[in-house]
1. Between their Cα atoms, which of A:LYS224/A:LYS263; B:LYS335/B:LYS441; A:LYS531/B:LYS517; A:LYS244/A:LYS531 are more than 32 Å away from each other?
2. Out of segment B:30-101, which chymotrypsin sites (Phe, Trp or Tyr not before Pro) are coil in DSSP terms and have no more than 12 other C-beta atoms within 10 Å?
3. In whole angstrom, how far apart do the alpha carbon centroids of segment A:333-381 and segment B:282-337 sit?
4. How do B:ASP32, B:ASP526, B:ASP167 rank when sorted from fewest to most other Cβ atoms within 10 Å of their own Cβ?
5. State the volume of the convex hull built on the alpha-carbon positions of segment A:220-517, expressed per residue in Å³ and rounded to an integer.
6. Can you tally the net charge around A:LEU308? Count Lys and Arg as +1, Asp and Glu as -1, for every other residue whose Cβ sits under 14 Å from the Cβ of A:LEU308.
7. Multiply the residue separation of A:GLU163 and A:ASP437 by 0.36 nm, subtract the distance between their alpha-carbon atoms, and state the gained length in nm to one decimal.
8. Of B:THR268, B:THR84, B:THR43, A:THR255, how do they rank once you tally other Cβ atoms within 10 Å and put the fewest first?
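We did not get these values from a lab; they are worked out from the coordinates using the rules stated. Worth saying up front: this structure is predicted, and the values here are computed from it rather than measured. Here the Cβ positions follow ideal geometry from the backbone for every residue, glycine too, while neighbour counts run over all protein chains shown.
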2 protein chains.
Amino acid sequence: MNAPDKLQELLTLTREPFPASTKVHVEGSRPDIRVPMREIALTNGERVTVYDTSGPYTDPTTAIDIRQGLAPVRAGWIEARGDTESYTGRQRVALDDGGKNEERDGGRIEQLRAEAAGLQRMPRRAKAGANVSQMHYARQGIVTPEMEYIAIRENGKREWMREYLQDAEREARLKGNAMGARIPEIITPEFVRDEVARGRAVIPANINHPEVEPMIIGRNFLVKINSNIGNSAVTSSIEEEVEKLVWSIRWGGDTVMDLSTGKNIHTTRDWILRNSPVPIGTVPIYQALEKVGGIAEDLSWEIFRDTLIEQAEQGVDYFTIHAGVRLPFIPMTTKRRTGIVSRGGSILAKWMITHHKENFLYTHFEEICEIMKAYDVTFSLGDGLRPGSGADANDEAQFAELRTLGELTEIAWKHDVQTMIEGPGHVPMHMIQANMDEQLKHCKEAPFYTLGPLTIDIAPGYDHIASAIGAAMIGWMGTAMLCYVTPKEHLGLPDRDDVKAGIIAYKIAAHAADVAKGHPGQRARDDAMSKARFEFRWRDQFALGLDPQTAEEYHDETLPKDSSKEAHFCSMCGPKFCSMKITQDVRDYAEKGMAEKSAEFKAAGGEFYIPIQPAKG
Amino acid sequence: MNAPDKLQELLTLTREPFPASTKVHVEGSRPDIRVPMREIALTNGERVTVYDTSGPYTDPTTAIDIRQGLAPVRAGWIEARGDTESYTGRQRVALDDGGKNEERDGGRIEQLRAEAAGLQRMPRRAKAGANVSQMHYARQGIVTPEMEYIAIRENGKREWMREYLQDAEREARLKGNAMGARIPEIITPEFVRDEVARGRAVIPANINHPEVEPMIIGRNFLVKINSNIGNSAVTSSIEEEVEKLVWSIRWGGDTVMDLSTGKNIHTTRDWILRNSPVPIGTVPIYQALEKVGGIAEDLSWEIFRDTLIEQAEQGVDYFTIHAGVRLPFIPMTTKRRTGIVSRGGSILAKWMITHHKENFLYTHFEEICEIMKAYDVTFSLGDGLRPGSGADANDEAQFAELRTLGELTEIAWKHDVQTMIEGPGHVPMHMIQANMDEQLKHCKEAPFYTLGPLTIDIAPGYDHIASAIGAAMIGWMGTAMLCYVTPKEHLGLPDRDDVKAGIIAYKIAAHAADVAKGHPGQRARDDAMSKARFEFRWRDQFALGLDPQTAEEYHDETLPKDSSKEAHFCSMCGPKFCSMKITQDVRDYAEKGMAEKSAEFKAAGGEFYIPIQPAKG
């Protein structure tokens, strides 16, 4: 793609549906529970539905005005619970967007903000004394509409899978190995409630993010992936910032973390949240650091607290909080090859060693819980001491922090605050299982959310692959969400192509984990693909793949003619000899009896292939 | 890269050394044992040596004339053994290059053949009654120069690793998990001999391929990777065909399979073998099929036998022989989702069902052994019934064939013929271990050589990633060589970029396996990389990576200025805040005592970063 094309794409929202695909909705027990799925119409009449993270953007029948935001699908549910109130909210101050920035950019951000004034909402919070977390409801025995929505979404449509599910029922060989997970045949709303009540799953869904299409993160559900976005140094348009989100969820991002730093982060976050059908996570200390001019030691609990409320009012669904980076653990990092590599972890380390005080996120943890439950923000307890190299994997500092995260999980659960735990990082293959074991033990099955892990350190430029190996393995072992790594990891900031490459690598890892765990129906899409391969349905192969366009382009490089998409051979063996074609004859032969068929075959001239005109050009 | 650039590259051999790298040779017990390694000179004075598959092509001090071929490093060793004789050899016939082809291409191939007349060698074979396999020598207690060469090569230079090896000696945490492999601290020539004698490792090294730099494939050695090449439909030049090989070994192909079909395959193979420092494998039935006009049922033992001799005389180092595809197993494939997907397997299935006879490779297996031992060609017993989809993984047909390969291994070993076993294919993660277990059990630790396996089926365009996951895992479990998969798998024929993408993905998988197994010194390169990261030595990071050029390009996209390669920050956090920099201060702080350092730090202004000029443009 050349530069002008790329620019044009950046300036336009990608709204094209996937090939052969239609957005369908499965209705729940009430008409306002409408769960979106992507239905792929195969050329043989099969209708395959797949989990769809892309939101209304891939639905051409939905009009979208990103200056007004998406329809607030959850608004009625939140209101009906009667435990929240609207209020004026915190006053936005210039510092939220990086201070004197308005002057420097000649009023551009002010102008963009005015253009998107329609995105402003009056925030809600829990009424005094109320707790509005999904965990709180779950523990009261309440099945929320969000939970029912999730049950439908996780199951997918089972009708089309029947043919493939029967294979697994017939043959023990095809059963998965859940590695300790307990995945029921059918996910019920009650099962969702029970998992959330136990803390084994979270539903990141801030009451101020009613646009979210509810999803769940937990070891007994489909493995999810996260992708990251950040604001541009120079914001050129609202579309550009929203497109980063749209692009991420198009390829399968289940959640998106907004890791913006620098200018305009408050305003950009408004644009993203109001237009996001997936949960948005942030690392609030990044913005807090901007507010103190990048000087870590000037941070304070007050500035941090104010930032939490600011972001909670905007609707951020989960916060990375590095409360486990405790002062006594800092010296444990000094013998490391790569020290502290987490940005949040090192900000707090700097603060602690400057003041010689305990981490203020640790000392104020219960106050943070109070904020979380007033908006239903989910904790993502950050692993500020994660290893930055295989040499530092599973060391004293890492596991000391993990045990602390376990203690903090119990405190959060005491407040009915949803909690997940962040994990590494850089871990050689043979040391991955210990990470999962320790996490399950100390954090009592709170969902694990890992960055990779990267299995080796010598693949700069290819760390999406080095880490997809670790991600697939830890996903199989029980990790609930995998944070993607792009090819630019360790080198630079990912562009659009890198983001896509990272997401596809992680969709592969997550799907490989689901298949290995034996998640009901997850192998069905693979089986539909295999059937399409065996039957030479090329267009169906593209449509069933994770990236239909790339698959078709690659195919066309070798066999560009349209007619070859119907051909009964593939580009590897060519028309003269095709192993798949032979197999069909073998099957026929075995059924008829071998000797009889042999004679018949020879008599018929012994031709296996269908002669076609060779492709020209 | 645009089309003319690409064409230019195709027409030129890639001979550029890697950045900061020099070819060095480690001498063995005699001056003609000179083992090549790549030495990377780091900016801090460290000299890191890495395993080098690229041959003399990356050594600018070696003159190469591909019309004469590489220096025959093994010629003296072969001659000195006194158990072989030169002979006239089989007469080349037109059919070897696809019959009437010379007429069709206007004499072009004849002209190219004349240009490369200097590649013709008189073949050697074992003297009557002799067995010239490395296995035979090993079982006689003879340590060949090849074995000594391999021991040096596998160990690498240990001097520079000392600092990193000490970490693992100090901390049990850093020990690998060899999963049943027994990898000694130092590989001795005697260990190599013993492993070859037991059949647990093979040295593919045909006596007619004296140009090969000896290498070993076995579970107690470094995990190897294979890449595939094929001839062009229209051969434009000798360079073009040789460059495919040069490109593959540059990025790390330990062996290369020539899967050519169609025209000019005999002549192209001459060009490749005479210019290849790595073992070359083939699937002889592909050429045999060409000789009978692509009509599988017209194949015969005689035509096949003639092809084996033709290729053995040229110097092919290992043959894929699908002798385990037995007639009784064919009906077992009829219930499969994707039947028989191996080209060799389906050719033989077609032959068997047409004639209703047992596979002639099975019935003539001992005669094949006689040929193998006369030239020291290694068996790669093909898995013609490997699964072509996750749905068919580990089924009756696959494992029936694997057990047969075990029986054939014993026959081959009776003849002292070196043998490895090919494996799948498509296998979900949780079913991979069973493949390794069955293989070890039935094939008695003969080296396993797998294609991936692909862990899912829905990633066309990204199957190098879907399969690198499975390859890393099965490599850790004990697979000795991993056959690469490119992004074009299932879609088309790989181009130059696809070949590189496939090889890098497989170098990642193989290295991840070596690190997990705890292969001595393999983590040292990762540790050197981590140290370079911590010390912001950007150029060293590029040089230590699997693909220095791509790493540097990615870095430069974000921070293009040359000065930023010296900068004490990276592109992720920028100059203002850098977690790695902070860690260095943390380390200093912990050493000095926390309270004292805190005061000093504040007094000094509390700055962590080195102010630099911001990068322009």
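1. A:LYS531/B:LYS517; A:LYS244/A:LYS531
2. Details: sites: B:TYR51, B:TYR57, B:TRP77, B:TYR87; in loops: B:TYR87.
Qualifying residues, ordered by number: B:TYR87.
3. So the separation of the two Cα centres works out to 64 Å.
4. On the way: B:ASP32 14, B:ASP526 25, B:ASP167 17.
So the ranking, lowest neighbour count to highest, is B:ASP32, B:ASP167, B:ASP526.
5. On the way: hull volume 34.4 nm³, N = 298.
Per residue, the Cα convex hull of segment A:220-517 comes to 116 Å³.
6. Details: positive: A:ARG90, A:ARG125, A:ARG269, A:LYS291, A:ARG305, A:LYS373; negative: A:ASP96, A:GLU302, A:ASP306, A:GLU310, A:GLU313, A:ASP317, A:GLU366, A:GLU367, A:GLU370, A:ASP376.
Overall, the nearby charge balance is -4.
7. Details: separation 274, 0.36 × 274 = 98.64 nm, distance 3.62 nm.
Computed gain between A:GLU163 and A:ASP437 is 95.0 nm.
8. On the way: B:THR268 25, B:THR84 20, B:THR43 15, A:THR255 28.
Ascending Cβ contact count within 10 Å gives the list B:THR43, B:THR84, B:THR268, A:THR255.
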